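Peer 1: Here you go, one structure.
No value in this document is a laboratory result; all are computed from the given coordinates. Because the structure is predicted, anything quoted here is derived from the model rather than measured. Positions of Cβ are generated from backbone atoms using ideal geometry, with glycine treated the same way; all protein chains shown enter the neighbour counts.
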Amino acid sequence: MTPNADGVSAKRPGDREPIARFHIIKEFSGFTLDCEAQFSSGVTAVFGRSGSGKTTLLNCLAGMVRPDDGYIEIMGRPVYSSGGNSSGRRATHLPPERRHIGYVFQDGMLFPHMSVAANIDYGHALVAPDRRTLRPDDVIELLELGPLVDRPVGGLSGGEAQRVALARALAASPELLLLDEPLSSLDAVMRGVIIRYLKKVWTELRIPMVLVSHSLSEVMALAEDTLVLSGGKKVAQGPPARVLGEPAVGAMADYPALENLVEAEIVRPTEGSRPGQILVGDATLEAPDVYGRIGERVTVSIRASDIIIATGKPSGLSARNVVPARLTELDVVSGRTLAHFDVGARLVVEIMDVSVREMGLRPGSDVYLIMKSNSVQVLNPERP
């Protein structure tokens, strides 16, 4: 490990030790955040209803809000402690610029008087030369912003603005990236685009991320670990598939809107009236609006309630997609049964409990998943 500007050896994102440990207590009028947890390397989601304390937690980690009590460690470095004999820690409160954290806000918060390039350069200029690990050109290439660099930010679409905000945060060479509802203001297509870029940030740069979201679909698409907050308290933490089955999560989740947001590869673009084909895991699916190049990666949305299960291979169907799958988990939450299937990628299906019993479904069951082609939505802006 290499000593950083604060004289402490910082742990790198690849280390398996926690990237963040904290116990944060922050009181407001009528509300108290009191949360103790730790985050490991990868993508961690903070999930909960509005007003549960998600953004306050991020602001405390970033140093924008000072807790009333507790401690915060980032990459093994103490960045906040209230001190006192009970904690055994020295009182500390590092300002945001010394925490080596990138922050992407819900509305982007770009500088309107600057161009795209100037916004990205601003983040880079904040970092001491000996701490720079990313150049603006590297970030522009990763997020495919080349055609936009000379444009004023006022003319950008919502998805473009979020990509620029992400680029500005990355250009500051952060050790940890915080994202506060980065997809909430985007339409479905742009949401799919940003999900794809966020996955690239982790897979290619290995910068760990903490993502605040109130969408279980986004959490399942991006996160390896999920912290669930309710009323300022931690009520659950673990892998999204397991947390999905927690009763406390069931009370706050919008299951009718649950989507499978999965990555796919274009096999055949749509041509005239002929549907296109995509590869999701090991499954080849037909979809009506597949635009792009063969081999291009896209994000696909399939609602959990739009998938039908059959125990034998059906025939004589109008549905174009019949896919062999293996059942891996069954969760009963708030009167709903969610079945998790492996098709080389994970798909979640909503099914009635009576159907589970009558079909004899259990983990390990081999079945077929049936989807109409128009239930498979490719979230790709490249369309005629």
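Peer 1: Against the empirical 2.2 N^0.38 Å scaling, what ratio does the C-alpha Rg of region 259-379 come to?
Peer 2: 1.06
Peer 1: Please determine, in degrees from 0 to 90 and to the nearest 10, the orientation of helix 116-125 with respect to the longest principal axis defined by the Cα atoms of the chain, where the helix direction is its Cα long axis.
Peer 2: 50
Peer 1: FRET efficiency for Ser29 and Arg268, Cβ-Cβ distance as r, R0 = 51 Å, nearest 0.05?
Peer 2: 0.30
Peer 1: Report the label-to-label distance for Glu141 and Asp342 in nanometres (one decimal), using points 7 Å from each Cα along the Cα→Cβ vector.
Peer 2: 3.7
Peer 1: Of Pro240, Pro136, Pro95, which has the largest mean-square fluctuation in a 10 Å C-alpha GNM of the chain?
Peer 2: Pro95
Peer 1: Would you list, by chain and number, the lysines whose Cα falls below 30 Å from the Cα of Lys200, excluding same-chain residues fewer than 8 positions away?
Peer 2: Candidates past the 8-residue exclusion: Lys11, Lys54, Lys234, Lys372.
Peer 1: Kindly state, to the nearest 0.05, the FRET efficiency for Asn374 paired with Arg297, given R0 = 22 Å and r defined as their beta-carbon distance.
Peer 2: 0.50
Peer 1: Return the label of the correct value of mean projected area of the Cα convex hull in nm², as calculated from the structure shown, out of (1) 21.2; (2) 20.0; (3) 17.6.
Peer 2: Here the calculated entry is (1).
Peer 1: If the cut-off is a Cα-Cα distance under 12 Å, which aspartates and glutamates reach Lys313, setting aside same-chain residues fewer than 8 apart in sequence?
Peer 2: By straight Cα distance, Lys313 reaches Asp366.
Peer 1: Let me ask another. About its Cα centre, how strong a charge dipole does the chain have in debye, to the nearest 20, once Lys and Arg get +1 and Asp and Glu get -1 at the Cβ?
Peer 2: 360
Peer 1: Along the Cα-to-Cβ line of Leu94, 7 Å from the Cα, sits a label point; which residues in region 199-239 have backbone N less than 18 Å from it?
Peer 2: 207-210, by backbone N distance to the label point.
Peer 1: Right, another one. For the chain, with the dipole built from +1 on Lys and Arg beta-carbon atoms and -1 on Asp and Glu ones, taken about the Cα centre, which of Ser215, Gly83, Ser230 lies farthest toward the positive end?
Peer 2: Value computed over the given set: Gly83.
Peer 1: Moving on. Which length gain, in nm to one decimal place, applies between Ser305 and Asp68 when the Cα-Cα distance is subtracted from 0.36 nm times their residue separation?
Peer 2: Here the segment from Ser305 to Asp68 would lengthen by 80.9 nm.
Peer 1: Considering amide H positions built from the backbone, and no H for Pro or chain starts, which residues 5 or more places from Ala236, or on another chain, come under 5 Å of its amide H?
Peer 2: Distant-sequence amide H within range of Ala236: Val228.
Peer 1: For Asp121 and Ser355, what does the FRET efficiency come to when R0 = 41 Å and r is the distance between their Cβ atoms, rounded to the nearest 0.05?
Peer 2: Once rounded, the FRET efficiency stands at 0.15.
Peer 1: Compute the distribution of all C-alpha to C-alpha distances in region 182-295, in bins of 5 Å from 0, and list the percent of pairs in each, rounded to whole numbers.
Peer 2: The percentages, shortest bin first, are 2, 10, 17, 19, 18, 15, 10, 5, 3, 1, 0.
Peer 1: May I have the convex hull volume per residue, in Å³, for the Cα set of region 114-202?
Peer 2: 92
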